[in-house]
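For reference, the structure discussed in these notes is given below.
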Amino acid sequence: MVSLEKLKQLRLIHLCIALTFFTSGVCINLIQLLMHLVIKPFNKRLFRKLMYYACYSLYSQLVFVADWYAGSKMSVYMDEDDYKKYAGKEHVLLIMNHKYEIDWLNGWMICDKLNVLGNCKAYAKKPIRYVPIIGWGWWLAEFVFLNRNFDQDKTIITEQLKVVFSYPDPTWLLLNAEGTRFTPAKHEASVKFAQERGMPVLKHHLIPRTKGFTASLAPIRGLCPVIYDINLAYRPTDTTPSTMLSLLNGKSVEPHMLMRRIPLEQVPEDEKEAAKWLQDLFVEKDRIIDSFLETGSFFKTSGVKEVPVYVKKPRLSSLLNFFAWAIFSMSLIFSYLINSLLAANWTAFITSLSILGLFYWLMGQAIKKTQISKASNYGSAATAKASTK
């Protein structure tokens, strides 16, 4: 008899998860488009209320894989008053380290547990909006898409942030201030850049690009009250790699996340002073991560005040949402296959099998896109001169 652990490693199970996600994703994209055409022109507030549920229904399927399917456990460290009074109850600009293959999913996990998953947004590269399912969904959900050309992006940031923080419910906007995911090659270029300019050298981060951050401050003042500094780390002794493939194979991961609430009025309004504030923040973030990797504690050698840890259980809604879509998708696909087979409609049957193969291929491509080895060259030696943009 096949054990549950072995069952989760079967490609057939992975295919079912992929079929559910891609089939539901097409349906959700169509729903989002319909809301854009029918509701948004007449009632933007209602449109944005409903968009929360469409996005939640899509994102929470991947949260299900991490929380329920793989059984991952997230530990969140946050000041007790901030956690109880504010977490999940206000607009937030997030600044998070970008080092792990699934750090984006770890962010979704905490958003789900704080009931803001459907309204979590991010700065993203413009080409992503043309990617089916996720890209289309983000575009229809009014994400901030940038060209990586500051002269063009400054206008986009100013206009789009007013849209993002006009949502009636708490919205979390992620800014990866490092500009790209951490890799050894990019870190080497970042170290060289810092040394040439007499800046502090960071061990666990890339030098932050300050222009995007400072351009974001003026538009959100009066709309978004706080910045959340998120420090994500995995213990070096963890035996399971923090990858999407690990989760699909049913192997749990244990992310640790320190969240610090920083009122926006603590950030200087002057552009140069705000840029220095961000650079100083990353020096402190580097000490925090270094402390965790060396001692297993964010606080022991970082000089940061120790705060309580919270381990919240997965939400039932992500489980129910996934199985509802799974039943719909699987019944739709397999009934079509069976009917085609019984009717000896070989063209339809072979076409259906080809589509299943395409979905399986898409799943593989999606996993590859999360791998650090497949990260872009942006931020490497070839582009190091733009490190502060």
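Computed from label points 7 Å out along Cα-Cβ, the spacing between LYS313 and LYS49 is 3.1 nm.
Each Lys and Arg adds +1 at its Cβ and each Asp and Glu adds -1 at its Cβ; summed about the Cα centre, the range 214-351 shows a dipole of about 580 debye.
Within the range 1-108, report the chymotrypsin sites (Phe, Trp or Tyr not before Pro) that DSSP leaves as loop and that have at most 16 other Cβ atoms within 10 Å.
On the way: sites: PHE21, PHE22, PHE42, PHE47, TYR52, TYR53, TYR56, TYR59, PHE64, TRP68, TYR69, TYR77, TYR83, TYR86, TYR100, TRP104, TRP108; in loops: PHE42, TYR86, TYR100.
Answer by residue number: PHE42.
What is the range 172-211's relative contact order, in percent, from Cα pairs under 8 angstrom and six or more apart in sequence? Write out the running numbers ahead of the final one.
Details: 25 pairs, mean separation 20.8, N = 40.
Computed over the range 172-211, the figure is 52 percent.
Within the range 13-107, the percentage of alpha carbon pairs spaced more than 17 angstrom apart rounds to 67%.
Share of Cα-Cα pairs in the range 70-315 beyond 24 Å, in percent?
Numbers: 14129 of 30135 pairs.
Here the long-distance tail beyond 24 Å is 47 percent of all Cα pairs in the range 70-315.
Using R₀ = 45 Å, calculate the FRET efficiency as 1/(1 + (r/R₀)^6) where r is the Cβ-Cβ separation of PHE299 and ASN345; round to 0.05.
Values: r = 65 Å, r/R0 = 1.44.
Approximately 0.10, to the nearest 0.05.
Farthest toward the positive end of the dipole of the chain, out of LEU316, CYS16, CYS120, is the Cα of CYS16, where the dipole comes from beta carbon charges about the Cα centre.
The simple Förster model, with R0 at 45 Å and r as the Cβ-Cβ distance, assigns LEU4 and LYS192 a FRET efficiency of 0.40.
Below 8 Å, C-alpha to C-alpha, sequence gap of six or more: please give me the relative contact order for the range 70-315 in percent.
Values: 393 pairs, mean separation 77.8, N = 246.
Once divided by the residue count of the range 70-315, the mean separation gives 32 percent.
The distance between label points at PHE42 and ASP169 comes to 2.2 nm (points 7 Å beyond Cα on the Cα→Cβ vector).
Under a model in which nothing but the beta-carbon of Lys, Arg (+1) and Asp, Glu (-1) is charged, the chain shows a dipole of about 680 debye around its Cα centre. Only lysines eight or more places from LYS84 in sequence, or on another chain, were considered; those with a Cα closer than 23 Å are LYS73, LYS113, LYS121, LYS305, LYS312, LYS313. How high is the FRET efficiency from GLU265 to ALA324, r the C-beta distance, R0 41 Å, rounded to 0.05? After rounding to 0.05, the efficiency reads 0.40. Think of the range 70-315 as having a plus end and a minus end, set by charges on the Cβ of Lys, Arg, Asp and Glu; of VAL307, VAL201, ILE230, ILE230 sits farthest toward the positive end of this dipole.
Under 5 Å from the amide H of ALA122 lie the amide H atoms of VAL144, LEU174, each residue being 5 or more positions distant or on a separate chain, with H modelled from the backbone and absent for Pro and chain starts. Here is the list for the range 260-303: trypsin sites (Lys or Arg not before Pro) lying in DSSP coil, each with at most 15 other C-beta atoms within 10 angstrom of its C-beta, are LYS300.
All of the numbers you see were taken from the coordinates with simple rules; none came from a lab. Being a predicted model, the structure only gives us computed values, none of them experimental. Positions of Cβ are generated from backbone atoms using ideal geometry, with glycine treated the same way; all protein chains shown enter the neighbour counts.
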